[in-house]
1. If we count other beta carbons within 10 Å of each Cβ, what is the order of ILE172, ILE150, fewest first?
2. From the phi of every residue in segment 225-231, what ³J(HN,Hα) in whole Hz does the Karplus formula 6.51 cos²θ - 1.76 cosθ + 1.60 yield, where θ is phi - 60° and glycine or proline is x?
3. Between segment 115-161 and segment 29-92, how many Å separate their Cα centres?
4. Restricting to bridges with both residues inside segment 5-242, how much of the DSSP beta-bridge set is antiparallel, in percent to the nearest 5?
5. Please list 3J(HN,Hα) in residue order for segment 155-163, calculated via the Karplus relation 6.51 cos²θ - 1.76 cosθ + 1.60 where θ = phi - 60°; whole Hz, with x for glycine and proline.
6. Based only on Cα atoms, what Rg/Rh ratio does segment 104-192 have, Rh being taken as Kirkwood's radius?
7. Which one of ALA161, ALA232, ALA174 has the biggest mean-square fluctuation once the chain is modelled by GNM with Cα springs under 10 Å?
8. At a Cα cut-off below 12 Å, give the aspartates and glutamates reachable from LYS43, other chains included and same-chain residues fewer than 8 away excluded.
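No value in this document is a laboratory result; all are computed from the given coordinates. Remember, it's a predicted structure, so these values are computed and weren't measured experimentally. Cβ sites come from the backbone with ideal geometry, for glycine too, and all protein chains shown count toward neighbours.
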Amino acid sequence: MNLALEIIDLHASVGEVEILKGLSLEVPFGQIHAIMGPNGSGKSTLCHVLAGKEVYTVTGQARLDGRDLLGEPTDVRARMGLIQGFQYPVEIRGVKLIDFLREAADESGIEAAEVERRIVASGDQFDMTRFLTRSVNQDLSGGEKKRSEIFQMAILQPKVAILDEIDSGLDIDAVREVAEAVEAMRGPDVGILIITHYSRILRYLTTDRIHVMMEGRIVESGGAELATELEAGGYEALRSRLK
Ligand SMILES: Nc1ncnc2c1ncn2[C@@H]1O[C@H](COP(=O)(O)OP(=O)(O)OP(=O)(O)O)[C@@H](O)[C@H]1O
Ligand SMILES: [Mg+2]
């Protein structure tokens, strides 16, 4: 059985600066994993490298459902089933969310009627109707942007979903709503990776594994107790323990 996402010894540099320094990570299908880590440790860079952003020199391996990702251009990676929500979602002026979704679904080989069916089916989970005819992310509040991203994922049903800073800028109710939406996305055909600074969101969704990233690599993986340890002692305590 293939893993949803398998990353082996990933290195990424910009010019002379190495940001990812031998990162390895496995996310099986059916699971939700979380990455936590201090500012600047390379979490967003990992997302950009997996998405295929071109500024990096990359070595190592990354596979989605057993297929090599790193050799493919961004659009092919999306078609292979990789979807990401970025820390700073881009606004796409003049493109309505509904049209954006139809186009993305078409590129992923999802039939138009199926897209409409999924939008209707998602109505209980997301109240996105009023956003469908507005431009993608334009003038949405921070929380609305996050909700919109997860809504898009629920419609496109990726094999791998990665959400960077999933809970930053959200009010208390929105954190719970977003967490519940992610939990609702869990399924045997998807592996989910969330990046967060706060263990708060982990109260509302069941993560199968938590990984701590420091200085460009995963330094520790564990269960919910790892988030509790970080909450209590911060990254310094973990650093001392790992020495
Ligand atoms: N294009 C670039 N050129 C030079 N340095 C970069 C570039 N992109 C990222 N970096 C550096 O790489 C490091 C990792 O950045 P990254 O955004 O991945 O961190 P992060 O873990 O997501 O942090 P945060 O928790 O603050 O979001 C930072 O020191 C950043 O300044
Ligand atoms: Mg970041």
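1. With the sparsest Cβ surroundings first, the list reads ILE172, ILE150.
2. Going residue by residue, I get 4, 5, 5, 5, 4, 5, 4 Hz, with x marking Gly and Pro.
3. Their Cα centres are 20 Å away from one another.
4. Looking only at bridges with both residues in segment 5-242, the antiparallel portion is about 60 percent.
5. 7, 7, 6, x, 7, 10, 10, 10, 10
6. A ratio of 0.94.
7. Top of the fluctuation ranking is ALA232.
8. By straight Cα distance, LYS43 reaches ASP164, GLU165, GLU215.
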